[in-house]
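What follows is a set of notes on a single structure, which appears directly below.
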Amino acid sequence: QVQLVESGGGLVQAGGSLRLSCATSGSTFSIVTIGWYRQAPGKQRELVASIGRVGTTTYADSVKGRFSISRDNAKNTVYLQMNSLKPEDTAVYYCNKGTLSGNTYIPGATWGQGTQVTVSS
């Protein structure tokens, strides 16, 4: 059974950067598709970015040009590099094991515990 553990969240000023990590275990990482989601207080969870097993990536319009998703198969880890952070990026960030259908990410049932990102103005 796949397990996902997020890390790297914290408090940062607007304009700053953070790198989130999603460490996986219990599966053949090289064939795993991972999505990063976020959920702000009072809002629905939304997909931020995803990366497929061959490196195909997708991004939400709100983060294009600022966030970058990547994977290190040797470390069984997916990263979310977040630059030029804005107060509206404040949320709990979760990674999810899912699938890609073309350019559409389909979430699966496996989620990490989440990591808090807070961007101050």
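Scan Ala91, Ala23 and give me the residue that is of a type outside the set (D, E, K, R), open to solvent by less than 70 Å² (accessible area, probe 1.4 Å) and over 14 Å from Leu4 (Cβ atoms).
Working: Ala23 fails: over 14 Å from Leu4 (Cβ atoms).
So the residue among Ala91, Ala23 that is of a type outside the set (D, E, K, R), open to solvent by less than 70 Å² (accessible area, probe 1.4 Å) and over 14 Å from Leu4 (Cβ atoms) is Ala91.
I want to confirm something. Restricting to segment 1-50 and keeping residues that are assigned to a loop (DSSP other than H, G, I, E, B) and of a type in the set (D, E, K, R), which single residue is farthest from Tyr94 (Cα to Cα)? Full working, then the answer.
Keep residues of segment 1-50 that are assigned to a loop (DSSP other than H, G, I, E, B), which gives 1-2, 8-9, 14-17, 26-28, 32, 40-45.
After this cut, where a residue has to be of a type in the set (D, E, K, R) as well, the list is 43, 45.
Working: Lys43: 14, Arg45: 9 Å.
Looking at residues that are assigned to a loop (DSSP other than H, G, I, E, B) and of a type in the set (D, E, K, R), I get Lys43.
Report, ordered by the first and then the second residue, all pairs with beta carbons closer than 6 Å, sequence separation of six or more or different chains, a first member in segment 97-121 that is open to solvent by less than 80 Å² (accessible area, probe 1.4 Å), and a second member that is of a type in the set (Asp, Glu) and not in a strand (DSSP E or B).
Val119/Asp89
Considering only segment 83-91, I want to know if a residue exists there that is free of Cβ contacts under 8 Å to residues at least 24 places away in the same chain and not acidic (Asp, Glu).
No, segment 83-91 contains no residue that is free of Cβ contacts under 8 Å to residues at least 24 places away in the same chain and not acidic (Asp, Glu).
Find the residue count for segment 63-75, including only residues that are within 14 Å of the chain's Cα centre (by Cα) and either closer than 14 Å to Val119 by Cβ or touching a residue at least 12 places away in the same chain (Cβ under 8 Å) (or both).
Adding up the residues that qualify gives 7.
Starting from residues that are modelled with pLDDT of 95 or more and out of contact with any Gly (no Cβ under 9 Å at 6 or more places or on another chain), keep the ones in segment 43-56 and report whichever is farthest from Thr24 (Cα to Cα).
Here is the first cut: in segment 43-56, the residues modelled with pLDDT of 95 or more are 43-51.
In the following step, the residues that additionally are out of contact with any Gly (no Cβ under 9 Å at 6 or more places or on another chain) were identified as 43-46.
On the way: Lys43: 27, Gln44: 25, Arg45: 21, Glu46: 21 Å.
Only one residue tops the list, namely Lys43.
Within the group Lys64, Lys75, which residue is part of a loop (DSSP other than H, G, I, E, B), of a type in the set (Lys, Arg), surrounded by fewer than 18 Cβ atoms within 10 Å (Cβ to Cβ) and modelled with pLDDT under 95?
Numbers: Lys64 fails: modelled with pLDDT under 95.
The conditions single out Lys75.
Evaluate segment 94-109: report whether one residue or more is part of a strand (DSSP E or B), touching a Pro at 6+ places or on another chain (Cβ under 6 Å) and over 18 Å from Ser7 (Cβ atoms).
Narrowing segment 94-109 to residues part of a strand (DSSP E or B): 94-101, 104-109.
Remaining after also requiring touching a Pro at 6+ places or on another chain (Cβ under 6 Å): 96, 98.
In the following step, the residues that additionally are over 18 Å from Ser7 (Cβ atoms) were identified as 98.
Looking through segment 94-109, at least one residue is part of a strand (DSSP E or B), touching a Pro at 6+ places or on another chain (Cβ under 6 Å) and over 18 Å from Ser7 (Cβ atoms).
The values are calculated or read from the model by the stated rules, or taken from the named source; none is laboratory data. Keep in mind it's a predicted model, so treat the numbers as computed, not measured. Please note: Cβ atoms are built from the backbone with ideal geometry, for glycine as well, and neighbour counts cover all protein chains shown. Heavy atoms of the whole protein, side chains included, go into the accessibility calculation; ligands, DNA and RNA do not. Shrake-Rupley method; radii C 1.70, N 1.55, O 1.52, S 1.80 Å.
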